[in-house]
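The values are calculated or read from the model by the stated rules, or taken from the named source; none is laboratory data. Everything numeric in this text was worked out from a predicted model, so none of it was measured. Glycine also receives a Cβ, built like all others from the backbone with ideal geometry; neighbour counts cover every protein chain displayed. When the accessible area is computed, the model is the full protein with side chains, heavy atoms only, and any ligands, DNA or RNA have been set aside. Shrake-Rupley method; radii C 1.70, N 1.55, O 1.52, S 1.80 Å.
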Amino acid sequence: MSGEAISSAILTIASIICAFSFVSVVYPSVISAGDPIVSRTNAMGDQILTDFEILHETTAAEGLEVHIWVKNVGPKGISSGLIQRSDLFLGRSENLKGYHMTRMEVWLLAGTTQ
């Protein structure tokens, strides 16, 4: 009878050790799998909280240049890194022309060089 009790105790302890080992290996993987989702959610939240409004616009150089003054009206600040990666679209919704930023405060028509 005591042999069965010792065998049961050893198997129970071994099972508990295996379970803890499994959890200690799998748990960090499960937690780190959610990090990209949380990070992307935070980035999307920042994008939703940033907004700007056009204050004034004017043309110069025979209509070849457009000067636009904008103001951040969103509750979240817009970093300079975000501004440098931004694009500008001008025109009617059915005929938009895309411009990409080449350096701070200068956009060129997509596909052209300076």
Among the residues listed as Gly74, Gly45, the single one being over 22 Å from Tyr99 (Cα atoms), small (Gly, Ala, Ser) and part of a loop (DSSP other than H, G, I, E, B): Gly74
Odd one out for Arg40, checked against (1) assigned to a helix (DSSP H, G or I); (2) loosely packed, with under 10 Cβ neighbours inside 10 Å; (3) under 34 Å from the mean Cα position of the chain (by Cα): (2)
Of all residues making up the range 48-71, the number that are within 18 Å of Leu88 (Cα to Cα), open to solvent by 100 Å² or more (accessible area, probe 1.4 Å) and outside any strand (DSSP E or B): 2
